[in-house]
1. Any idea which of 37, 49, 88 is furthest toward the positive side of the dipole for region 36-107, if Lys and Arg beta-carbons carry +1 and Asp and Glu beta-carbons -1?
2. Per residue, how much accessible area does region 51-108 show when a 1.4 Å probe rolls over the protein heavy atoms, in square angstrom?
3. In square angstrom, rounded to the nearest 10, how much accessible surface does residue 106 have for a 1.4 Å probe?
4. What's the carbon and sulfur percent of region 36-107's accessible surface, probe 1.4 angstrom, rounded to a whole number?
5. With a ≥ b ≥ c the root eigenvalues of the C-alpha gyration tensor of region 36-107, is it rounded (a/c under 1.5), prolate (a/b larger than b/c) or oblate?
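The values are calculated or read from the model by the stated rules, or taken from the named source; none is laboratory data. Being a predicted model, the structure only gives us computed values, none of them experimental. Ideal geometry is used to build each Cβ from the backbone, glycine not excepted, and the neighbour counts take in all protein chains shown. What goes into the accessible areas is simple: the full protein's heavy atoms, side chains included, and nothing from ligands, DNA or RNA. Shrake-Rupley method; radii C 1.70, N 1.55, O 1.52, S 1.80 Å.
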Amino acid sequence: VVLKIDVSLSNGGRFLFLTKEDMAKVDYVRTFLAQFNFTQLLRVFSDCSGGGDLDQKTFSDAMHQLIPSESLKDDHERDHLEQHLKSLYYIFDRDQDGLVNVNDFLCG
């Protein structure tokens with residue numbers, strides 16, 4: 001385990017544990033996102049958030065707008081992406097309030 005993140009919204013003690021391999025995959029997605037400029041990311045955030053913050057589903061929707069499904073080879077890669085988007089969601093949710101706000105999203 002390389003990283004331990006408290007994902008509980010209270011002091012419930014639910015944790016997400018990321019291995020070195022998980023971190024490499026999360027880093028890949030974050031590096032992929034670096035190709036987008038501020039305006040593009042802001043537009044996607046705004047489209048998916050409806051003017052508010054992103055919950056886990058709308059965060060996933062936003063990521064799918066940025067990572068086209070055609071770029072994934074098969075169902076295994078799509079399933080793998082879904083799994084890593086959940087991890088990425090908790091990493092983006094910097095204050096761990098269960099929502100990704102515009103600053104969290106743009107700073108990634």
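1. Farthest along the dipole direction, towards plus: 37.
2. On a per-residue basis, 55 Å².
3. Per-residue accessible area (residue 106): approximately 50 Å².
4. So the carbon and sulfur contribution to the accessible surface is 49 percent.
5. Details: a/c = 2.15, a/b = 1.40, b/c = 1.54.
Cα axes put region 36-107 in the oblate bin.
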